[in-house]
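Have a look at the structure below before the remarks.
Just so it is clear, none of the values below were taken in a lab; they were calculated from the coordinates. Not measured: the values here are computed from a predicted model. Using ideal geometry, Cβ is built from the backbone for each residue, glycine included, and neighbour counts are taken over all protein chains shown.
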Amino acid sequence: MNFFASAPVALTAALVPEDGIPESIEYLALITIGLVGLLVGSFLNVAIHRLPLEGETVSKPRRSRCPSCRKTLTWVENVPVFSWVFQLGRCRGCGWRIPIRYPIVELANSGLWLLATAVTGLESPGLLAVEFIVLSGLLVATCVDFDCFEIPDEISIGGMILGPIASLALPVLHDSTWVARWMTEPGQLDGGVDRLGALLGSLAGLAAGGGVLIAIGWLGSAIYKRDAMGFGDVKLLAAGGAFVGPGGALAAMMIGSVLASVVGLAGMLRFFCISWTRARHRGNKRGIGRTLQVARIAGRYIPFGPYLGMGIGIVLLAWEDVLQFLPRFS
Ligand SMILES: [Zn+2]
């Protein structure tokens, strides 16, 4: 066995005793995962802030600074969630209001990690680690896309590279990917899909995820005569597909489209109500058609990345459950 074959097996054997994990260790592990999730979440805040900026990288400058007064933060000012709470959401140097998004991102990352642990279980530490990385990456992509309508290449292209590597190291990622199952000897499927099958499943997912959005974008621009799909979304779904396979990528796209439509329609409705009431107050009888038109334009500009990311996350953690909702063709 080569390194890639033996390392995950040895890791699992070292971490998981034969008669299961004792309850006390389980609690300890959950608390640790929750706390490390908060710490990593605070690093994600730095990434969200710096990735779209020119000239700053995640590791330079080394210490965190207040974005307003550039004061370098001491460790007391840098404790996830707690610092924000005890400083009542303000910088101790200049009183700048620290956005509530900072503690929310930290809590969200911790929550996502615990959710993954609850779904996947401590028995598969390798799989769990991959899920942690993917979920944190999606969280960063979501926040950056909300901020500036773009998805950092560090996340999307990083995922496109990591996905096939992770699939090769942990074929269990593709146990439900049809390409991987199809490539595996039928008699061996009980032991999971084989390594080459998982790699091909990952590459097929990458191609399917990117391909379907390129096709939709091409169709959209043919119909509407404008760019309908950002290339960042294409790369993000390609990266997601590399982890969840071609069927998973399509499902993630469908879930993402439904979520984005619901949020988009709600936004349009809200905007319509606001501008309609305002027009009535001013006594200006703006036609309902004009108001609708304004609301339609306002609702069009929502980023797709966050919803695509949610779709990928849902498929990654709960593919078996998602399958229950899809129509059966067999
Ligand atoms: Zn400050």
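Backbone amide hydrogens, once placed in the peptide plane, bring Arg65 within less than 5 Å of Leu73, excluding anything fewer than 5 places away on its chain.
Only helices enter this figure: runs of n ≥ 4 DSSP H residues, each worth -39500 (n - 2.57), summed and divided by the residues of the chain, yield -24000 deg cm²/dmol at 222 nm to the nearest 500. From the Cα gyration tensor of the range 141-213, with a ≥ b ≥ c the square roots of its eigenvalues, which class applies: rounded if a/c is under 1.5, or else prolate if a/b is larger than b/c, or else oblate? Verdict is prolate for the range 141-213.
Considering only the Cα atoms of the range 149-330, their convex hull presents on average a projected area of 12.8 nm².
Name the shape class, rounded, prolate or oblate, that the alpha-carbon gyration tensor gives for the chain, where a ≥ b ≥ c are the square roots of its eigenvalues, rounded holds for a/c under 1.5, and otherwise prolate holds if a/b is larger than b/c and oblate otherwise. Don't jump to the answer; show the numbers that get you there.
On the way: a/c = 2.08, a/b = 1.24, b/c = 1.69.
Oblate, since a/c reaches 1.5 and b/c is not below a/b.
In the chain, the sites counted are GluC sites (Glu not before Pro) in DSSP loop states with at most 10 other Cβ atoms within 10 Å, and the longest stretch holding none of them, exclusive of the sites, is 55-330. In a Gaussian network model over the chain where Cα atoms closer than 10 Å are linked, find which of Gly289, Gly205, Gly34 has the largest mean-square fluctuation. Highest fluctuation of the listed residues: Gly289.
Which FRET efficiency value, to the nearest 0.05, is calculated for Ala118 and Ser257 with the Förster distance at 25 angstrom and r the Cβ-Cβ distance?
Details: r = 27 Å, r/R0 = 1.09.
Efficiency at R0 = 25 Å is approximately 0.40.
A cut-off under 15 angstrom between Cβ atoms defines the neighbours of Met253, and their net charge, with Lys, Arg +1 and Asp, Glu -1, is 0.
Membrane-span-like helices in the chain, defined here as complete DSSP H runs extending at least 20 Å along the helix axis by their C-alpha atoms with mean Kyte-Doolittle hydropathy no lower than 0.5, are 23-50, 101-120, 125-148, 153-169, 195-224, 231-281, 305-325; this is a sequence and geometry rule, not a statement about a membrane.
Here the chain is scanned for chymotrypsin sites (Phe, Trp or Tyr not before Pro) in DSSP loops (not H, G, I, E, B) that have at most 15 other Cβ atoms within 10 Å, and the longest stretch holding none of them is 150-300. Using C-alpha pairs under 8 Å with a sequence gap of at least 6, the mean separation divided by the residue count of the chain gives a relative contact order of 16 percent.
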